[in-house]
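Let me begin by presenting the structure, written as structure tokens, before commenting on it.
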Amino acid sequence: MTDASQSAVSARLADRTRSLERSKIRVMFGLAEREDRDLVRLEVGEPDFGTPDHVIDAAAEAARGGATHYTENAGIPPLREAIADTMARESGVEVAPEQVTVKNGAMEALSLAMMALAGPGDEVVVPTPAWPNYVNQVQLAGATPVTVPLPAESGFDLDAERVTDQITDDTVAVILTSPSNPTGQVYDEEAVEAVAEAAAAHDAYVVADEVYGRLTYDREFRGAASYVEDAENVLTVDSCSKTYAMTGWRLGWLAGAEPVVDAVTSIGESTTACPSSVSQQAALAALTGPQEPVAEMKAAFEERRDFVVERVAEMPVVSCPRPEGAFYAFLDVSDLSGGSFEVAKRLLSEHGVVTAPGDGFGDAGEGYVRISFANSLDRIETGLDRIEEMARAER
Ligand code: PLP
């Protein structure tokens with residue numbers, strides 16, 4: 001296709017396609033894929049473990065047994081029950097199975113939640129640095145994202161005052177991600193309470209994205225809906241992706257107020273109807289089967305987290321807040337020359353290590369790069385050696 005005919009086709013696309021910003025994580029991924037040399041890939045946000053064998057076996061058996069058809073839109077009843085049980089057991093959040101809708105990953109649950117809650121004229125508050133998809137999801141729903149930079153001085157912990165200042169009668173939701181991607185910060189519970197209270201006072205929901213909730217290292221994790229007073233205003237989103245190393249199975253859910261859950265289910269009828277029947281069987285096995293694989297992965301991530309924190313502390317110029325959960329460290333590289341994106345590109349081209357530029361997570365992330373420690377200790381060590389090489393060369 002010529003450039004002219006390509007732009008003629010682009011001009012015919014709907015406006016919403018133009019508002020979407022491309023993820024810088026994917027841009028770095030694309031640049032890395034083009035190189036044919038030994039790169040340390042620390043940009044990717046998924047567990048480096050395989051899905052536990054018993055989960056794969058259960059899914060294969062279920063498929064052979066006929067679980068290959070459409071299911072109820074909200075997911076099969078035993079899975080909704082297993083999700084409700086797991087939420088009560090693991091994060092203290094009490095919901096009935098009818099308050100759970102199963103979707104194709106947390107990603108679809110979040111996207112449909114935005115479509116259910118937000119439209120033109122509505123605002124959704126997103127504290128940043130944050131996973132970039134939220135802003136796109138809000139825009140696709142026709143609403144306006146209101147990003148609120150969190151303070152770097154406190155490791156980007158939730159600053160209730162900054163966030164509540166942005167909640168108005170136009171606000172329909174506040175998205176809180178704890179543990180956070182990209183910082184690994186587990187939000188202060190009192191701050192979450194204060195934000196939930198302010199949201200409730202404006203009839204807005206807190207959407208608590210807790211996909212990393214089972215991966216916390218320094219303290220027990222509690223789901224926001226388990227401790228805030230206005231729990232009926234909290235919608236919990238979670239998935240099997242990070243907890244069970246099941247990113248490719250695309251299985252997640254939204255739980256909370258039934259009218260919202262029902263709206264998400266009914267909008268989902270026009271997108272994918274239901275999640276994959278085989279993946280639902282896999283999720284059922286994951287949630288109800290042995291939990292040792294989760295404990296093993298978590299222990300491995302914790303060991304790597306400790307290693308990263310110690311290793312970065314030895315570096316000149318570069319530093320990072322201590323990640324309390326998830327598998328990311330957010331490295332302050334602001335003393336190196338150029339913005340985050342330039343630093344990330346130089347790290348790749350001159351030092352062979354791939355990172356995610358911090359400004360891809362909102363303006364608050366400028367001056368940082370995210371590394372994922374979902375990689376072997378050996379590779380993480382090599383990657384950090386290369387980052388130090390650049391820090392020493394450029395200081
Ligand atoms: N929420 C956050 C904060 C994430 O980091 C991710 C994936 O990276 C998701 C949601 C999407 O998870 P899923 O694979 O369940 O769609």
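The values are calculated or read from the model by the stated rules, or taken from the named source; none is laboratory data. Please read these numbers as outputs of a predicted model, since none were measured by experiment. Don't worry about glycine lacking a Cβ; one is built from the backbone with ideal geometry, like all the others, and counts go over all protein chains shown. For accessibility, only protein heavy atoms count, side chains too; no ligands or nucleic acids. Shrake-Rupley method; radii C 1.70, N 1.55, O 1.52, S 1.80 Å.
Points worth noting:
- Counting only alpha carbon atoms, the long axis of helix 377-394 and the longest principal axis of the chain meet at about 50°.
- Computed lengthening from Ala63 to Phe49, 0.36 nm per intervening residue step minus Cα-Cα distance: 2.7 nm
- DSSP beta bridges in the chain [antiparallel fraction, %, rounded to 5]: 45 percent
- Within the accessible area of the chain (1.4 Å probe), percent carbon and sulfur: 47 percent
- Positive-pole candidate from Asn136, Leu112, Pro97, dipole of region 82-136, charges at beta carbon: Asn136
- Computed about its Cα centre, the charge dipole of the chain is approximately 1500 debye, with only Lys, Arg, Asp and Glu carrying charge at their Cβ.
- Taking every Cα-Cα distance in the chain and sorting them into 10 Å bins starting at zero, the pair-distance distribution P(r) comes out as 5, 23, 31, 26, 13, 2, 0 percent.
- In the elastic network of the chain, a GNM with C-alpha springs shorter than 10 Å, the most mobile of Gly252, Gly142, Gly325 is Gly142.
- Arg219 - accessible surface, heavy atoms, 1.4 Å probe, Å² rounded to 10: 100 Å²
- For region 202-319, the Rg and Dmax computed from alpha carbons only, in angstrom: 17.8, 54
- HN-Hα J in Hz across region 53-67 - Karplus 6.51, -1.76, 1.60, θ = phi - 60°, x for Gly and Pro: 4, 5, 6, 5, 4, 4, 5, 5, 5, 5, 5, 5, x, x, 7
- If you plug the beta carbon distance of Glu314 and Arg12 into 1/(1 + (r/R0)^6) with R0 = 41 Å, you get a FRET efficiency near 0.15.
- In the chain, lysine pairs closer than 25 Å at Cα, eight or more apart or cross-chain: 5
- Computed 3J(HN,Hα) for region 26-32, one whole-Hz value per residue from the Karplus formula 6.51 cos²θ - 1.76 cosθ + 1.60 where θ = phi - 60°, is 5, 4, 5, 4, x, 4, 5, glycine and proline marked x.
- Rg/Rh for region 170-246, where both radii come from Cα atoms and Rh is the Kirkwood radius: 0.98
- For region 293-301, putting each phi into the Karplus relation 6.51 cos²θ - 1.76 cosθ + 1.60 with θ = phi - 60° gives couplings of x, 5, 4, 5, 5, 4, 4, 5, 5 Hz, in residue order, rounded to whole numbers and with x for Gly and Pro.
- Amide hydrogen proximity for Val174: with H placed 1.01 Å from N in the peptide plane, the residues at 5 or more positions away or on another chain lying under 5 Å are Val125, Tyr205, Val206, Val207.
- Protection proxy ranking, peptides 205-214, 175-184, 2-11, average beta carbon neighbours within 10 Å, highest first: 175-184, 205-214, 2-11
- Accessible area in square angstrom per residue, the chain, 1.4 angstrom probe: 42 Å²
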